[in-house]
Amino acid sequence: MNRKFRLSTALDIDDVLLECTAYAIRLANEKYKFDPPLSVHEVTGWGKQGKRTDVIFEFFNDPHFYETQPVLEGAKEFVRKLSQMTEVFVSTAIPPEFMGIRAKQIMREFPEIPPDHIYMGSRKDKISVDILFDDGMHNVFRSNAQYPILMRRPWNQAATGMLAVNTYDEFLKLVEVIADSYSIKPEHFTLNEPSIVVLVGPSGSGKSTIARRVLEKTDRFKKLMSYTTKDPTAETENEWYNYVSMEHFNEMCDSGEMFQSTMYAGHGYGSKKSDIEEILAQGKHVLTTMDICGTMSLKTNFKNVITVYIKREKRALLSSILRKKSDINDKINRIIAIESEQQNMEICDYVVEFHTYDDAVNQICSILNIDNG
């Protein structure tokens, strides 16, 4: 790393370090005896939704709520580790009358965070840091941080394309990757031990087509079949996915069968650790396409993960998206995500910019030292 100073990180508090929404849900169930009980998965958007879950907002005006908020499991260890990697700040939006309660709890539970690093207020776009970690899509979208990162929660599943993680470990790995992005990468990478190669890029970049052509060039790779809730008739990418219902998808995620899952353009995508382990055990390299969230999960769970960003001019991206067989909302979500996804280029190991698919395949084979005969 060539920097002579530390990265700086601003952490949100509610639903990032302290339990908030799930705690309010529990209190509401205890007070009102909902049948069936309220579930945190019913909170699918930010703010009041005109649904029965709106009852939780009454607790956000109660000082006792803030005095008793539980610390999320693993949060203290997470802050300890992060404080060794970056300078840590807090950026928390809380009503003024409860700021004193919040400050005391932060200082008590997270002593690694200096008191003068605690910022309170809703204008998180005014905080100047390298990295912001927040569960609010609006804060991530408006942030001036170089790397605004979303903590995945049920109410932000519609977010597409931005840097996002599901766990503290994934966030710490992403911070490592960001720090490493300032170092100079070797021009070529030698695939000695079985490795995982991930093609990353916006929708329409041609990741699947390029991956298929790389597979046709060499038998050293095997493709990873992932799982998605997207209608199998809507795309030509069927060869890369096993299609499952949203209910089955959520069951696999909740049971831990999926080691990583993400939402893209309103659809669930995920992969099984056992599928990857099976390929690696055969002595083959894994080739897959993923968004940056899935990629960070891979880097957290496996060694020898190489990321290649597929860069394509915007006109070609738009043309490809508009030709897809998906509905208009899906296309809009993919187009909106283009700008956010282009930032991911900075934290990938290699970048491939191409005019023809053959050109892209040749570049990838050169990077990975693969015979392209």
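The values are calculated or read from the model by the stated rules, or taken from the named source; none is laboratory data. Predicted model, so just to flag it, every value in this text is computed and none were measured. Here the Cβ positions follow ideal geometry from the backbone for every residue, glycine too, while neighbour counts run over all protein chains shown. When the accessible area is computed, the model is the full protein with side chains, heavy atoms only, and any ligands, DNA or RNA have been set aside. Shrake-Rupley method; radii C 1.70, N 1.55, O 1.52, S 1.80 Å.
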Exercise. Within the range 285-312, how many residues are hydroxyl-bearing (Ser, Thr, Tyr), under 13 Å from residue 275 (Cβ atoms) and either open to solvent by 20 Å² or more (accessible area, probe 1.4 Å) or within 15 Å of the chain's Cα centre (by Cα) (or both)?
Worked result: 0
Problem set entry | Matching residues in the range 36-81 - criterion: being more than 28 Å from residue 171 (Cβ to Cβ) and among the charged types (D, E, K, R) | 48, 51, 52, 54, 58, 62
Seminar exercise, completed: Residue set 286, 244; condition farther than 21 Å from residue 364 by Cα, touching a residue at least 12 places away in the same chain (Cβ under 8 Å) and out of contact with any Cys (no Cβ under 9 Å at 6 or more places or on another chain); output residue 244
Exercise. Of all residues in the range 313-357, which are open to solvent by 60 Å² or more (accessible area, probe 1.4 Å), of a type in the set (Lys, Arg) and not in a helix (DSSP H, G or I)?
Worked result: 325
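Which residue out of 45, 50 is in a loop (DSSP other than H, G, I, E, B), within 23 Å of residue 26 (Cα to Cα) and open to solvent by less than 30 Å² (accessible area, probe 1.4 Å)?
Checking each option against the conditions leaves just 45.
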Exercise. Which numbered condition trips up residue 252, out of (1) assigned to a strand (DSSP E or B); (2) buried (at least 16 other Cβ atoms within 10 Å of the Cβ)?
Worked result: (1)
For this session: Answer yes if at least one residue in the range 129-137 is closer than 19 Å to residue 72 by Cβ, touching a Pro at 6+ places or on another chain (Cβ under 9 Å) and of a type in the set (D, E, K, R), and no otherwise.
Result: yes
For this session: Kindly provide the set of residues from the range 168-224 that are polar (S, T, N, Q) and at pLDDT 90 or above, ordered by number.
Result: 195, 205, 209
Exercise. Considering 67, 97, 77, 58, which residue is open to solvent by 60 Å² or more (accessible area, probe 1.4 Å) and within 27 Å of residue 297 (Cα to Cα)?
Worked result: 77
